[in-house]
């Protein structure tokens, strides 16, 4: 079996480079990503947290591992996070909604993400973020409250804090997301 095929359900390799204390460029971390979090509740999704920072501009020095943080659905309000999402073929009838609500609440300790009931998809939500999403292995369906569209391998989506979900009933897929803290419009 090829290494690419193994990456669908197996761990993502994470290589972090930077500057050591002696001023030399170096590989700081190189291993299977230690920060993979199963979505749970019958979902086939794994969130691979690669790196996050709390404020911009991001700190570029030190030995802190930017992936070593509790799973959060949204990035820090003034920062960003980068994640790789691996999903297997999903069966919506196998989702335990009570458990899904508990899992979402656990991932949303900062209260920034919002979920809303929807007949279109079990995980309709929005985050106060600008998200750059890239389909890197196979495709995935982007579900909106009143429509949907298919993201093929290589397609890029820019999400601006709208209600949405992702459907993986077509099979295994991988997407990469860079999520940057934003602000919902205020009703004035």
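Rule-based calculations on the coordinates, nothing more; no lab input. Computed from a prediction, not measured in an experiment: that's the story for all the values here. Here Cβ is always computed from backbone atoms with ideal geometry, including for glycine, and neighbour counts include all displayed protein chains.
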Hypothetical label at residue 152: residues of segment 121-143 whose amide nitrogen lies under 20 Å (7 Å Cα-Cβ projection): 133-143
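How do 132, 35 line up, fewest other C-beta atoms within 10 Å first? Walk me through the numbers on the way to the answer.
Values: 132 16, 35 21.
Arranged by neighbour count, lowest to highest, 132, 35 become 132, 35.
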Listed residues 58, 135, 80, most fluctuating in the chain (Gaussian network, C-alpha, under 10 Å): 58
Read-out percent of Cα pairs over 28 Å apart, derived from the coordinates shown; its label in [x] 51; [y] 26; [z] 18: [y]
Residue order, fewest to most beta carbons within 10 Å, for 25, 87, 118: 25, 118, 87
Folded to 0 to 90 degrees: helix 97-107 orientation relative to the chain principal axis, Cα: 30
Segment 68-119 versus segment 136-188: alpha-carbon centroid distance in Å: 13
Residue order, fewest to most beta carbons within 10 Å, for 16, 27: 27, 16
